[in-house]
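Undergrad: Shown below is the structure under consideration.
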Amino acid sequence: GRRQRATATRARLGDATLEFVVLGSSSAGNTSFLRVETAHGARQLLIDGGLSPKATRGFLALLGHDLAATDDLLFTHFDHDHAKTGWSRAAMKDGLRLRCSSRHVAHARARGYPDVCIDAFDAGGEGFSLGEIRVIPCENPHDDGGTVAFRIETPAGSVGFATDLGRALVRAFSRKVA
């Protein structure tokens with residue numbers, strides 16, 4: 001089929017630019033893209049790998065970006081529409097880090113993702129840094145193992161990302177961030 005061009009949302013603060021776009025959001029596949037550019041360089045990450053690496057590569061090309069320049073793939077959870085098995089090959093080939101909650105590591109392994117590419121985080125913890133990007137995870141109930149929402153803080157602004165909540169949780173929206 002014909003690819004539709006995804007529309008990116010951009011924010012700029014000083015010399016920093018944030019670009020965010022949902023590449024796919026359906027039962028067929030969920031993947032979003034975030035890119036931050038500063039005077040120190042750029043960092044790209046994906047949220048969820050529900051689209052295949054091939055489809056993701058095509059959508060990123062339409063936006064003028066290269067999948068090979070993507071550093072990290074953050075997973076909210078491992079339902080089939082959020083985690084395709086093909087990402088294990090992409091991770092091994094391109095050095096992509098597959099980041100998931102420590103509660104989801106068994107699900108990542110079940111998808112065939114190699115341990116050498118998996119970086120687990122504590123979804124109830126204080127978060128972690130990816131260069132100039134700060135990621136604060138928040139666990140939410142959903143099926144087996146729950147989902148993880150993210151607050152992503154960058155020099156150009158912040159993005160909140162949540163999916164498959166089922167119902168909005170006060171905790172997910174009111175958590176104070178230091």
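The values are calculated or read from the model by the stated rules, or taken from the named source; none is laboratory data. In this text, all values refer to a predicted model and were calculated from it rather than measured experimentally. FYI the Cβ positions are ideal-geometry reconstructions off the backbone, even for glycines, and counts take in every protein chain you see. Please note that ligands, DNA and RNA were not included when accessible areas were found on the heavy atoms of the full protein model with its side chains. Shrake-Rupley method; radii C 1.70, N 1.55, O 1.52, S 1.80 Å.
Undergrad: First select every other residue whose beta carbon is under 9 angstrom from the beta carbon of Arg43; then total the charges, Lys and Arg +1, Asp and Glu -1.
TA: -3
Undergrad: Ignoring everything except DSSP H segments at least 4 long, calculate the 222 nm mean residue ellipticity for the chain; use -39,500 (n - 2.57) per segment, divide by total residues, nearest 500.
TA: Result for the chain, helices only: -4000 deg cm²/dmol.
Undergrad: Here's a follow-up. Among Phe59, Ala39, Cys117, whose Cα projects farthest towards the positive end of the dipole of the chain, with charges put on the beta-carbon of Lys, Arg (+1) and Asp, Glu (-1)?
TA: Of the listed residues, the answer is Phe59.
Undergrad: For region 50-92, treating each Cα as an identical point scatterer without solvent, what Debye log10 I(q)/I(0) comes out at q = 0.20 1/Å?
TA: Those come out to -0.64, one per q.
Undergrad: Still on this model: At 1.4 Å probe size, with every protein chain present, just tell me what the per residue accessible area of region 26-95 comes to in Å².
TA: Counting only protein heavy atoms, the per-residue value for region 26-95 is 38 Å².
Undergrad: Also, I was wondering about something else. When the Debye formula is applied to the Cα atoms of region 94-134, each taken as the same point scatterer, what base-10 log of I(q)/I(0) results at q = 0.14, 0.22 Å⁻¹?
TA: For region 94-134 at q = 0.14, 0.22 Å⁻¹, log10 I(q)/I(0) is -0.33, -0.75.
Undergrad: Using the Cα centre of the chain as the reference point, and only Cβ charges (+1 on K/R, -1 on D/E), how large is the resulting charge dipole? Debye, rounded to the nearest 20.
TA: Result for the chain is approximately 440 debye, rounded to the nearest 20.
Undergrad: Just the number, please: carbon plus sulfur as a percent of the accessible area of the chain, 1.4 Å probe, no ligands or DNA/RNA counted.
TA: Carbon and sulfur together cover 49 percent of it.
Undergrad: Would you work out the Kirkwood radius for the chain? I mean one over the mean of 1/r across all pairs of different Cα atoms, in Å.
TA: Working: mean 1/r = 0.0611 Å⁻¹.
By the Kirkwood definition, the hydrodynamic radius is 16.4 Å.
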